[in-house]
Amino acid sequence: MIAESMEHPSGRERDRGTVRPHMDVRFKEQRVKIGELSRRTGVSVRSLRYYEEQGLCTPTRTPGGQREYTDDAIDRVILIQQLFAAGIRSARIGQILPCMQAPEGTPNERTTIRLANDLTAERDRIEAMIADLVRSRTLLDEIISAATSDGATAASTGNARKAEQTT
């Protein structure tokens, strides 16, 4: 009996219920230059060079000395931006990044109790900032509400009429 072979939609050859690779396909890891990384992440070239100086993001170099980044660098740069936006300093980010799994940014086994305690303090600081911002927003809402209430509107309309009459 001759074994039937047919092309599988995945590009693999199928033989009697087994799937074997049709050919050995290895994808070359894509690399991007610093300008392209800047464009994709919205982070300035200057900031990307700073990240490199701080050891937060390490490119390879071409024979001509140009920086090249892997596609994973995009996720890493976005994570660095999120950590900076949270008010975390670059030195602390340098401690945090080795404890993160790329690209999703979840913790791994390198996370230590000390780092967890430090991050808890950072989180508490951020929570306090959020509470301050909420209080500020509430105050602004009250001022806006008072300024747009009927009494304030009538007063501003009366002032506008007086200004029209004098011109």
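Data for the structure
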{"read-out": "Search result, residues across segment 49-64 that are open to solvent by less than 80 Å² (accessible area, probe 1.4 Å) and not polar (S, T, N, Q)", "value": "TYR51, GLU52, GLY55, LEU56, CYS57, PRO59, GLY64"}
{"read-out": "One residue from ARG40, ARG76, ARG67, ARG46 being basic (Lys, Arg), under 16 Å from the mean Cα position of the chain (by Cα) and either farther than 16 Å from ILE96 by Cα or exposed (fewer than 15 other Cβ atoms within 10 Å of the Cβ) (or both)", "value": "ARG40"}
{"read-out": "Criterion violated by SER47 - all others in (1) closer than 24 Å to GLU122 by Cα; (2) touching a residue at least 24 places away in the same chain (Cβ under 8 Å); (3) hydroxyl-bearing (Ser, Thr, Tyr) satisfied", "value": "(2)"}
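The values are calculated or read from the model by the stated rules, or taken from the named source; none is laboratory data. Note that this is a predicted model, so its numbers are computed, not measured. No Cβ is skipped: glycine too gets one built from the backbone with ideal geometry, and neighbour counts run over all protein chains shown. Side chains included, ligands, DNA and RNA excluded: accessible areas come from the protein's heavy atoms. Shrake-Rupley method; radii C 1.70, N 1.55, O 1.52, S 1.80 Å.
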